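The values are calculated or read from the model by the stated rules, or taken from the named source; none is laboratory data. Quick caveat, the model's predicted, so the values are computed rather than measured. Quick reminder, even Gly has a Cβ in these numbers, built from the backbone with ideal geometry, and neighbours come from all protein chains shown. The area values use the complete protein model at the heavy-atom level, side chains included, leaving out ligands, DNA and RNA. Shrake-Rupley method; radii C 1.70, N 1.55, O 1.52, S 1.80 Å.
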Amino acid sequence: MAALLASTNGKSVSQNDRYKWIALSNTTLGVLMATIDSSITLIALPDIFRGIGLNPLGPGNSFYLLWMILGFLIVTSVLVVSLGRLGDIYGRVKMYNLGFVIYTVGSLLLTIDPYKGRSGALFLIVMRLVQGLGSAFLVANASAILADAFPANQRGTALGINQVAGISGSFIGLILGGLLAPIDWRLIFLISVPIGLFGTIWAYLKLEERGIRKPAKIDWLGNVTFAIGLILIMVGITYGIQPHGTSATGWTSPLVLGELISGIAFFAIFGFIETKSAYPMFRISLFKIRAFSFGTISTFLVSISRGGLMFMLIIWLQGIWLPLHGYSFSATPLWAGIYMLPLTLGFLIAGPMSGYLSDRYGPRIFATIGPIGTALAFVGFLELSVDFSYWTFGLILFVSGLSQGVFAAPNRAAVMNSLPAENRGVGGAMNSTFQNSAQVFSIGIFFSLMIAGLSISLPGALVSGLGSQGVAHATAVTLSHVPPVSVLFAALLGYNPIAKLLGPHNMSLLSHHAATVLTGRTFFPKLISAPFASGLREAFIFAIVACIIAAVISAGRGRGDNIALKSELNDDWPIEINVEGI
């Protein structure tokens, strides 16, 4: 036992102490870079589409808009488990370093898009998929590298810093996107290139393979069925929020239903394969570990509530609140990011602190309080009027950030501490898959609930609002049938679509005053405020329920969160308990 504490893999205690901080700083840089780019594109979409000369709200162009947003997340979600498994087999540092290289190359290619229009958008989508591949390599192995570098009684702090950097990166990206995109949309991708080059060289020179490598064959059949199943379901979700026929959404579309049913069928096949494979990609047996299974389910539920929140807040700020308060539509992306800073601040304060405290007092209390606080923040959002007082809004954002930070680090540490050392790569990646895929599911659910609410009250608001400015009743009725998702996307992008909806002919029939009102800053935000509030209420109620369930599951995870810690500090503790759980 003394030898174990004095040396690890031939390294002295002081060498190990230095190395763990190198591992933490490098993996935090990698995860931060990946998560910044997951949101920097979102806030820069208006400038990107203007730069390539494509109207994202034009007929058939919603495909490009959706895949620009979701393609990155889908690729990361689909591949992260497979790449975590490859890390367990061939070396986590090796796979992590490859992620830096791929990500940097993808970022560089994004900056040199030579095309315009739909070809330009398609090129960007493909390169975003390349970025997603690099992100999957990074995310799949970062937590396992940290778990290998840090002793179990310090992993909460380390994973807390890493996890919070990753989550807050998605909000930092909003600020950077708002600052850089108006200068030149290519800068939002170029900024990752020097960071990626530095991180690649640093990781190659300093990171060490300290994990337990377990040579095994690759479960190709499991990988393929899992990837096909997840892709089908996620593609079905992205098309489910688009209109089909006379329906505001596409959930009744035969294509969408076929994709969802086929995806579930492939998952069933995948599950059967994994129980029979000698070298399974997805370690189903890990779910026997109570701390792992309960922690992963909690991750999924909290991520579902958080994933759509960013979109709803951006729509709320860019499409309604900021224009009503005098901000031009061109300035709303930057200011939306600035006004969401309290959320990031809450993360940055609570994440490392909760990770440190969970190392001392155990993660269960923090992983339970976090979702409860997040649910209360959603209740606060429900009570706000659409044209809110910012100080109240900012306080609720801060509470939401604190609560999510309180949950993230202790829960992640509990999951990683529950895993056998040789399964940290695949186990951490499985947890990341639930987190990343939950974001896509969340976007589909939130948008569907929003669209359902808009479809009820939006037509009437359009008829009365357009009619009040002299638009012919027949024209207003025709325009009232515009798909709610188009209005939602317009608000997301900070656009006023009224002039394009009416067209040059109908605009020419209006008085100068009416045309000025319709195309001004306040008409469109006021028009959609009531319908937006109706849809927002349904989405936030769903998020509250998800958080409450997550809190109940976290509270029921038992006292097995730190089994790995016991096995590392007590030579007599049977390691089999770490495998089978409680």
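In region 10-24, the count of residues that are under 30 Å from Phe329 (Cα atoms) and either surrounded by 16 or more Cβ atoms within 10 Å (Cβ to Cβ) or modelled with pLDDT of 75 or more (or both) is zero. Criterion applied to Leu462, Leu466, Leu479 was being touching a residue at least 60 places away in the same chain (Cβ under 8 Å) and on the phi < 0 side of the Ramachandran plot, and the one residue passing it is Leu462. One residue stands out in region 278-332 among those that are hydroxyl-bearing (Ser, Thr, Tyr) and open to solvent by 20 Å² or more (accessible area, probe 1.4 Å): the one that is nearest to Val415 (Cα to Cα), namely Ser285.
Scan region 105-142 for residues that are within 17 Å of Leu32 (Cβ to Cβ) and open to solvent by less than 10 Å² (accessible area, probe 1.4 Å) and jot them down. Residues satisfying the conditions are Gly106, Ser107, Gln131, Gly132, Gly134, Ser135, Ala136, Leu138, Ala140, Asn141, Ala142. Selection over region 372-389 of residues that are without any contact (Cβ under 8 Å) to a residue 60 or more places away in the chain and open to solvent by less than 60 Å² (accessible area, probe 1.4 Å) gives a count of 4. Go through region 462-477 and give me each residue that's under 10 Å from Leu502 (Cβ atoms) and assigned to a helix (DSSP H, G or I). Within region 462-477, Leu466, Thr475, Ala476 meet the criteria.
Whether any residue in region 348-371 is open to solvent by less than 20 Å² (accessible area, probe 1.4 Å) and of a type in the set (Phe, Trp, Tyr) is what I want to check. No, because not a single residue in region 348-371 is open to solvent by less than 20 Å² (accessible area, probe 1.4 Å) and of a type in the set (Phe, Trp, Tyr). Residues in region 390-405 that are open to solvent by less than 50 Å² (accessible area, probe 1.4 Å) and over 18 Å from the mean Cα position of the chain (by Cα) were compared, and the one that is farthest from Ala336 (Cα to Cα) is Ile396. Considering every residue within region 387-402, establish whether at least one is closer than 30 Å to Arg92 by Cβ, among the aromatic types (Phe, Trp, Tyr) and out of contact with any Cys (no Cβ under 7 Å at 6 or more places or on another chain). Looking for residues that are closer than 30 Å to Arg92 by Cβ, among the aromatic types (Phe, Trp, Tyr) and out of contact with any Cys (no Cβ under 7 Å at 6 or more places or on another chain), one finds none in region 387-402, hence no.
Scanning region 513-535 for residues that are among the hydrophobic types (A, V, I, L, M, F, W, C) and open to solvent by less than 10 Å² (accessible area, probe 1.4 Å) yields Ala514, Leu518, Phe524, Ile528, Phe532. For beta carbons closer than 7 Å, sequence separation of 6+ or different chains, a first residue in region 549-565 that is surrounded by 20 or more Cβ atoms within 10 Å (Cβ to Cβ) and a second that is outside any loop (DSSP other than H, G, I, E, B) and modelled with pLDDT under 60, the qualifying pairs are Ile563/Ile577; Ile563/Asn578; Ala564/Asn578. When region 480-504 is filtered for residues that are buried (at least 19 other Cβ atoms within 10 Å of the Cβ) and out of contact with any Ser or Thr (no Cβ under 8 Å at 6 or more places or on another chain), the ones remaining, listed by number, are Pro483, Val487, Leu488, Ala490, Ala491, Leu492, Leu493, Tyr495, Leu501.
Figure legend. Inter-residue proximity from region 502-530: first residues without any contact (Cβ under 8 Å) to a residue 40 or more places away in the chain, second residues open to solvent by 60 Å² or more (accessible area, probe 1.4 Å) and of a type in the set (Ser, Thr, Tyr), beta-carbon distance below 9 Å, spacing 6+ or different chains. Indicated pairs: Met507/Thr519; Ala515/Ser508. I'd like to know if region 192-213 contains one or more residues that are of a type in the set (Phe, Trp, Tyr), in contact with a Leu (Cβ under 7 Å, 6 or more places away or on another chain) and under 17 Å from Ser135 (Cα atoms). No, region 192-213 contains no residue that is of a type in the set (Phe, Trp, Tyr), in contact with a Leu (Cβ under 7 Å, 6 or more places away or on another chain) and under 17 Å from Ser135 (Cα atoms). A single entry from Phe347, Phe287, Phe311, Phe329 fulfils the requirement of being outside any helix (DSSP H, G or I) and either modelled with pLDDT under 85 or of a type in the set (D, E, K, R) (or both): Phe329. Among the residues of region 34-53, the one identified as under 20 Å from Ser170 (Cβ atoms), at pLDDT 85 or above and open to solvent by 10 Å² or more (accessible area, probe 1.4 Å) is Asp47. Could you count how many residues in region 343-398 are over 28 Å from Arg557 (Cα atoms) and touching an Asp or Glu at 6+ places or on another chain (Cβ under 6 Å)? Total satisfying the criteria: 0.
Within region 169-190, the residues that satisfy the criterion of being aliphatic (A, V, I, L, M) and open to solvent by 40 Å² or more (accessible area, probe 1.4 Å) are Ile172, Leu176, Leu179, Ile183, Leu187, Leu190.
Please determine whether any residue of region 109-117 is more than 22 Å from the chain's Cα centre (by Cα) and hydrophobic (A, V, I, L, M, F, W, C). For region 109-117, residues more than 22 Å from the chain's Cα centre (by Cα) and hydrophobic (A, V, I, L, M, F, W, C): present.
Quick test for you: out of Thr275, Thr252, pick the one residue that is open to solvent by 10 Å² or more (accessible area, probe 1.4 Å) and not in a helix (DSSP H, G or I). None of the other options fit; the residue is Thr252.
Residues that are under 27 Å from Asn26 (Cα atoms) and at pLDDT 80 or above number at least 3 in the following helices (runs of 4 or more DSSP H) confined to region 175-245: 187-190, 192-206. Number of residues in region 496-544 that are outside any helix (DSSP H, G or I) and among the β-branched types (Val, Ile, Thr): the value is 2.
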